[in-house]
Amino acid sequence: GEQISALLVEGDNFMTLNEKLGRLSGDSLIRELCALVTPIVNAEEELSLSQLHSSAFRYSAAQFMLIIRDCDSKRAQLLADGLRAAVEGKKDWSAAVPSWTASI
């Protein structure tokens, strides 16, 4: 009876950035993306009366998957919206990337 949500997070236009900046810079961007998203999910877990249990793992080149237990689709949508806004709001990406967006 437990609800599980999965969010697939992808850095937009990653392959273009990766080709332009090089693989090491691309990997750095992915690590930054994950580092930005993880505390937001953790904060959501702390606010929950019933603790969420999330896992994150790299899925492919510029994608990683968040699996969140005890999370219905409405709550997952709100979380995804917050994650997208956080990525869009970050202005100090590595490799001189001034801004970046993500699709979730």
D81 vs. criteria outside any loop (DSSP other than H, G, I, E, B), under 15 Å from V97 (Cβ atoms), among the charged types (D, E, K, R) and at pLDDT 85 or above: no
Out of the residues in the range 3-57 that are part of a loop (DSSP other than H, G, I, E, B), modelled with pLDDT under 80 and of a type outside the set (G, A, S), which is least open to solvent (accessible area, probe 1.4 Å)? L52
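Can you name every residue in the range 58-74 that is at pLDDT below 90 and open to solvent by 60 Å² or more (accessible area, probe 1.4 Å)? Reasoning before the result, please.
From the range 58-74, those at pLDDT below 90 are 58-72; that's our starting set.
Listed by number, the residues that qualify are R58, Y59, R69, D72.
The values are calculated or read from the model by the stated rules, or taken from the named source; none is laboratory data. What you see is a predicted model; the values in this text were computed from it and never measured. Note: ideal-geometry Cβ built from the backbone for every residue, glycine included; neighbour counts use all protein chains shown. Protein only, heavy atoms only, side chains kept; ligands, DNA and RNA dropped before computing areas. Shrake-Rupley method; radii C 1.70, N 1.55, O 1.52, S 1.80 Å.
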